[in-house]
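Below is one structure, written out as structure tokens; comments come after it.
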Amino acid sequence: MVFDFAPVITYFPTLLKGVGVGSLVAIAVALMSIIGGLVVAVISIYTKKVVSWPLRFFIWLFMTTPLLLQLYFLYFGLGEWILIPAIVVGILGLGFHYMAYNADIFIATIKSVSDGQYEASRSLGFGHWNTILYIIVPQAFIRSIPQLGNNMILMVKDTSVLSAIGVAELVYASQYAISVSFRPFEFFMVIALMYYVINILMELGQAWLERRTAYRR
Amino acid sequence: MDFDLMVEVTPLLIRAAWVTIDISSRAIFFGFFVACGLVFLQTFRFAPIRWFARGYISVIRGTPYFVQLLLVFYGGPSLGLRLDPITCGVVVGAFNIGAYMSEAIRGSIESVDKGQSEAARSLGFGKVQTMVSIVLPQAASLMIRSVGVLAIVLIKNSSLVSIISVVELTYQAQRLIGSTYKPLEIFTLSALMYIIIIYAVMGIIELAYRRATRYTTQ
């Protein structure tokens, strides 16, 4: 049992490239899942059942099945018709998955905004959708920040799963180096450490954001 | 929808679903002991032991389950730790969920009003007795719900064990999608099985919750 971290240093640029791809995916997924989740939540609350029930069904479906199964379905399912790069499938898959989780949060927080806010806004002359857009949603969004932060931290950890469908993020990037150097333990230790550091930074960021927005809640 | 195919692959998927249930239930079972151990370690007066438990929980929660799985399965042999895929899935799952569960258990114990244990102590109950017959029954309702949520997360995460070639539900589904080119049918069936498993677990949690709160008035 002798540890040799030399190959890790040799292939460190590859790993950093993996971190870069992973971050890119994470940012895209964060944007997609937060904006999409908000839209899905608003539509599923404020429209007729014909529109809202299918949406709720998809939220439920994405929350009750594992991410990997959804990724395989998208990857092989879409692959039947069109050839799209793995990274796009990865972003879409992870994006839809967390869109469902975020929508679930937004639905709860939008409903938690007091009815008085809606009535007051309407009596001041705002229209129905303007009230939702300018009065309800901003308040709900601020209230969602702690849980959204948790979801995004989980999401960053889940980017590692995308290596299963061939997205060139950190774990995938290390595969070649591991197969050449036969040092899986050292590589996975370093990868775990990188994720841990990113995770701690995100937790600090989340705490800062929560402190900054606490007075509005 | 190709229903003949769906009928044909159902037995295969059911067998794979049993593997998922088997791995998950064993991981949850052993994870509970890991969690209790971690909660116990955090009550030590000797600080380094507490730090060890805190550090362990922080590292496990701060790194992806997927990477932990790969680290133990592919990196373990260089430490002399050779596990077959299923055992590896159970062990990593147990140590992973143990960290999350210990936080849930600690949180629910801490949510019980301090006055309860102080009153019990002043009535002459011992430390262990106070814990077992005063604090834990009151913590149980919260504990069952939060541990139950973690169990469901673990069942969904057990799909990642397919990466180290355990033929469980997701692995079987992926293999069948690859060989039949019918993703929608296979996905529908395997999703249905996950949903059945998860709803069964939710039912068990609800029963346990009702039993734990049968004497409480709310």
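The values are calculated or read from the model by the stated rules, or taken from the named source; none is laboratory data. Given the structure is predicted, the values throughout are model-derived calculations rather than measurements. No Cβ is skipped: glycine too gets one built from the backbone with ideal geometry, and neighbour counts run over all protein chains shown.
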Problem - Verdict on B:GLY55 being in contact (Cβ under 8 Å) with a residue 24 or more places away in the chain, of a type in the set (Gly, Ala, Ser) and farther than 30 Å from B:THR188 by Cα - result: no
Fill in the blank from the handout: Taking first residues from the range B:28-45 that are outside any loop (DSSP other than H, G, I, E, B) and second residues anywhere that are among the basic types (Lys, Arg) and surrounded by fewer than 18 Cβ atoms within 10 Å (Cβ to Cβ), the pairs with Cβ under 8 Å that are 6 or more apart or on different chains are B:LEU41/B:ARG50
Practice task
Could you identify the single residue in A:GLN175, A:GLN147 that is more than 22 Å from the chain's Cα centre (by Cα) and within 21 Å of B:PRO64 (Cβ to Cβ)?
Solution key: A:GLN175
Problem - Near pairs, Cβ below 9 angstrom, 6+ apart or cross-chain, from the range A:139-154 (without any contact (Cβ under 8 Å) to a residue 40 or more places away in the chain) to any residue that is acidic (Asp, Glu) - result: none
Problem - The lone exception for B:LEU184 - which of (1) assigned to a helix (DSSP H, G or I); (2) among the hydrophobic types (A, V, I, L, M, F, W, C); (3) surrounded by fewer than 20 Cβ atoms within 10 Å (Cβ to Cβ); (4) more than 10 Å from chain A (Cβ to nearest Cβ) it fails - result: (4)
Problem - Unique residue being surrounded by fewer than 17 Cβ atoms within 10 Å (Cβ to Cβ), within 9 Å of another protein chain (Cβ to nearest Cβ), assigned to a helix (DSSP H, G or I) and among the acidic types (Asp, Glu) when the list is A:GLU210, A:GLU203 - result: A:GLU203
Practice task
Return yes when B:ALA94 is touching a residue at least 60 places away in the same chain (Cβ under 8 Å), away from chain A (no Cβ under 13 Å) and small (Gly, Ala, Ser) and no when it is not.
Solution key: yes
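How about the range B:106-165: which helices (runs of 4 or more DSSP H) wholly inside it have at least 1 residues that are under 21 Å from B:MET202 (Cα atoms) and modelled with pLDDT under 90?
B:136-157
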Problem - Criterion: small (Gly, Ala, Ser), facing another protein chain (nearest Cβ under 8 Å) and touching a residue at least 12 places away in the same chain (Cβ under 8 Å) - qualifying residue of B:SER146, B:SER165, B:SER141, B:SER190 - result: B:SER190
Problem - Condition met for A:VAL137 (within 30 Å of B:GLY80 (Cβ to Cβ) and in a helix (DSSP H, G or I)) - result: no
Practice task
Mind listing whichever residues of the range B:1-17 are within 30 Å of the chain's Cα centre (by Cα) and loosely packed, with under 13 Cβ neighbours inside 10 Å?
Solution key: B:PRO11
Handout entry: Residues within the range B:187-218 that are part of a helix (DSSP H, G or I), farther than 26 Å from B:ARG15 by Cβ and in contact with a Pro (Cβ under 9 Å, 6 or more places away or on another chain), tallied
Key = 1
Practice task
Scan the range B:46-67 for residues that are more than 14 Å from every other protein chain (Cβ to nearest Cβ), in a helix (DSSP H, G or I) and not charged (D, E, K, R) and jot them down.
Solution key: B:ALA47, B:PRO48, B:ILE49, B:TRP51, B:PHE52, B:ALA53
